[in-house]
Amino acid sequence: MRSPVLESSPAVEELRAALRGQVITPADPEYDTVRRVFNAMIDRRPALIVRCLDTADVLAALAHARAEGLPVAVRGGGHSIAGHGTCDGGLLVDLSLMRGVHVDPARRTVRAQPGATLGDVDRESQVHGLAVPSGQVSETGIAGLTLSGGMGMLQRKYGLTCDNLLSVDMVTVNGELVTASAEQNTELFWAVRGGGGNFGIVTSFEYRAHPVGPMMLAGIVAYPVEEAPAVLEFLRDEIADTPDELSTDVVFLRVPDLEFFPSEHRGRPVVAFFLRYAGDVDEGWEVVRRFREFGEPLIDVVAPMPLVHVQSMLDPANPRDHQQYWTSEFLPEFGPDERGAVARIGADLPSPETVLQVIPFDAAPTRVPADATAFAHREESWLIHIVGQWADPADNDRCRGWVREAGATLRAFGTGAAYLNLLSEDEADMRVSAFWNDARLRRLARVKAQYDPDNLLRFNHNIPPAPAEDER
Ligand SMILES: Cc1cc2nc3c(=O)[nH]c(=O)nc-3n(C[C@H](O)[C@H](O)[C@H](O)COP(=O)(O)OP(=O)(O)OC[C@H]3O[C@@H](n4cnc5c(N)ncnc54)[C@H](O)[C@@H]3O)c2cc1C
């Protein structure tokens, strides 16, 4: 929907003049490119896009939104599957050009601007032999990932991304600058570690980093998909006895058409251990031996490689411009019934690009007290993640229907707790409250009421501000 008034109004010209970055309206030729997000299923048309280059630009964008009564969407890396990095009709604060990363090797801390990708953070941290725990596809934005948790190969040893957050600098919707940390604005600091983008626009994230790499051991050991029940049982039996440095997910996928894999197996459905050892490489060979010696693998491609390669090896399997419909479920148990259901779903993926991932949720993230952060799920469990993706929109109904049905099957074994960063648009609302639970949601709502009482920031897993009488 075009908005000629906004495109040409004096207020827009004033905003343009105030920025170092750019204002893009539907009249601009780059509008259709810039409004796109990772998930090609999301097709939204903001009234204005402000491509910020600094905090002053963020302040100017928010002042304009307040003056014009526009709701505000915020984009970091644009990877939200639910499409939260854009909106229809509002003002989109696009931070994706603010990608600076600064490492303090002496303090082992890393500061990232809000448009930095995971690859940006890894690349710069690795210069100093450090790593911030994050996710596993390098183009994902660090901002959205951190604010709602952040899971990846270092989580068993060092915790979630939000568990390694030391502070944020934030611009509130009223244009105030606040820092939240363990010492300042502590309730806000609690809320931004799992409460998503509800409270303001973060302009700087400060993380604790850890000595990892530059070389580590990683790869996959794959079996015919029919062997899934035995592979899943082996993972369930072995995981507790593996060091925290080891990340071992089980993935169901078709072998990608990549040089890395033997050509005779490409395209074949397999079930695989996805192994990553974030410690000494020689020790790693010993740790992964039991997985490589299990059964008769079709493919065994484990090798030492740089951490930055490990962190981008899944990039080709997650192409831009694909239709995406995801779901996830934490299963408290992983007995024969749960494993049987997962094996059946994994053997029947609806498209060549769809992946099912079984992630043991244990070790460091579960050692954080449940009330320490707004990230609500701290129980040992099994996160089942269905990455539904396909190229042709003509397959949308069929593939989306398949993911929904698979999700419903998993939900029968779950507690309702999902990982919000992995949910799709139509799932989000109904599962948000289940994730945070009533008491935590009330606490989050009070923080929301303090920092965004009019819910200007509502394109997220939204926390409605607490009514005035609850703001205690
Ligand atoms: C290919 C792919 C791989 C993924 N892999 C992983 C993984 O390994 N581990 C994992 O935990 N998750 C993973 N995810 C999920 C990921 O964490 C979420 O999609 C997350 O939202 C991505 O953040 P973003 O900045 O790219 O998203 P965006 O779409 O830009 O933003 C998402 C949300 O964050 C808010 N937000 C963004 N920036 C700010 C800011 N500066 N201030 C306030 N609010 C802000 C937005 O308002 C929005 O609500 C993956 C997603 C994709 C598409």
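Please treat every number below as a calculation from the coordinates, not as lab data. Because the structure is a prediction, the values reported are computed rather than measured. Ideal geometry is used to build each Cβ from the backbone, glycine not excepted, and the neighbour counts take in all protein chains shown.
Using the average count of surrounding beta-carbon atoms within 10 Å as a protection proxy, the listed peptides 177-188, 327-338, 110-121 rank, highest first, as 110-121, 327-338, 177-188.
Based on the Cβ-Cβ distance from Glu293 to Thr366, what FRET efficiency comes out when R0 is 22 Å, to the nearest 0.05? Result of the calculation: an efficiency of 0.20.
Note on Met41, Met170: ascending count of other Cβ atoms within 10 Å places them as Met41, Met170, the fewest first.
Inter-label distance, Val178 to Asn437: 2.5 nm, where each label sits 7 Å from its Cα along the C-beta direction. Only beta bridges with both residues in the chain are counted; by DSSP, about 90 percent of them are antiparallel. With the convex hull drawn over the C-alpha atoms of the range 275-407, the volume per residue is 165 Å³. Bridges between two residues of the range 4-94, per DSSP, are antiparallel at a rate of about 25%.
Arranged from fewest to most other beta-carbon atoms within 10 Å of their beta carbon, Ser125, Ser167, Ser80 become Ser167, Ser125, Ser80. Sequentially through the range 52-67, phi angles give Karplus couplings (6.51, -1.76, 1.60; θ = phi - 60°) of 7, 10, 7, 5, 4, 5, 4, 4, 5, 5, 5, 4, 5, 4, 5, 5 Hz, Gly and Pro residues having no value and appearing as x. The value given for the range 186-262 is a Kirkwood hydrodynamic radius of 17.3 Å, derived from the mean inverse Cα-Cα separation.
Where the centre of each part is set by its Cα atoms, how far does the range 209-247 sit from the range 130-164, in angstrom? Going from one Cα centre to the other spans 18 Å. One chain, two ends: Glu226 and Glu187. Fully extended at 0.36 nm per residue, the span grows by 9.1 nm beyond their Cα-Cα distance.
Neighbour counts of other Cβ atoms within 10 Å put Phe199, Phe261 in the fewest-to-most order Phe261, Phe199. Judged by the gyration tensor of its Cα atoms, with axes a ≥ b ≥ c, the range 101-211 is prolate; a/c meets the 1.5 cut and a/b is the larger of a/b and b/c. Translational diffusion of the range 169-222, estimated by Stokes-Einstein from the Kirkwood radius over alpha carbon pairs at 4 °C in a medium of 1.567 mPa s, is 95 µm² per second. Between Val202 and Val171, the built amide H atoms are under 5 Å apart, and every one of these is 5 or more places off in sequence or on another chain.
Its Cα centre serving as origin, the chain has a Cβ charge dipole (Lys and Arg +1, Asp and Glu -1) of approximately 780 debye. Amide H contacts of Trp382 (H built 1.01 Å from N, in plane; Pro and chain starts excluded): Leu331, Phe361 sit under 5 Å, all sequence-distant by 5 or more or on other chains.
Before anything else, pin down the relative contact order of the range 166-267: Cα pairs under 8 Å, at least 6 apart, normalised by residue count, whole percent.
Taking the mean separation of contacting Cα pairs over the length of the range 166-267, I get 19 percent.
When the chain is described by a simple charge dipole with +1 on each Lys and Arg Cβ and -1 on each Asp and Glu Cβ, the residue from Trp382, His128, Asn396 located farthest towards its positive end is His128. Between amide H atoms placed 1.01 Å from N, distances below 5 Å from Asp249 occur with Phe274, all of them 5 or more places distant or on a separate chain. Taking θ as phi - 60° and the Karplus parameters 6.51, -1.76 and 1.60, the scalar couplings of the range 159-171 work out to x, 6, 4, 5, 6, 9, 7, 9, 6, 10, 9, 10, 9 Hz in sequence order, x denoting glycine and proline. Placing R0 at 25 angstrom, the Cβ-Cβ distance between Val281 and Asp257 gives a FRET efficiency of 0.30 after rounding to 0.05.
Need one number: convex hull volume per residue for the range 47-120, Cα atoms only, in Å³.
Here the figure is 92 Å³ per residue.
Tell me the GluC sites (Glu not before Pro) within the range 1-103 that lie in a loop according to DSSP and have at most 13 other beta-carbon atoms within 10 Å. In loop regions of the range 1-103 (DSSP not H, G, I, E or B), the sparsely surrounded GluC sites (Glu not before Pro) are Glu30. About its Cα centre, the dipole of the range 101-211 is roughly 380 debye, where the only charges are +1 on Lys and Arg Cβ and -1 on Asp and Glu Cβ. Using every pair of distinct Cα positions in the range 4-94, the Kirkwood expression returns a hydrodynamic radius of 13.0 angstrom.
Expressed per residue, the C-alpha convex hull volume of the chain stands at 139 Å³. According to the square roots a ≥ b ≥ c of the eigenvalues of the Cα gyration tensor, what is the shape class of the range 352-464, taking rounded for a/c under 1.5, prolate for a/b larger than b/c otherwise, and oblate for the remainder? Judged from the Cα gyration tensor, the range 352-464 comes out oblate (a/c at least 1.5, b/c at or above a/b).
Loop-located trypsin sites (Lys or Arg not before Pro) in the range 1-107 (DSSP state not H, G, I, E or B) with no more than 13 neighbouring Cβ atoms inside 10 Å: Arg2, Arg20, Arg107.
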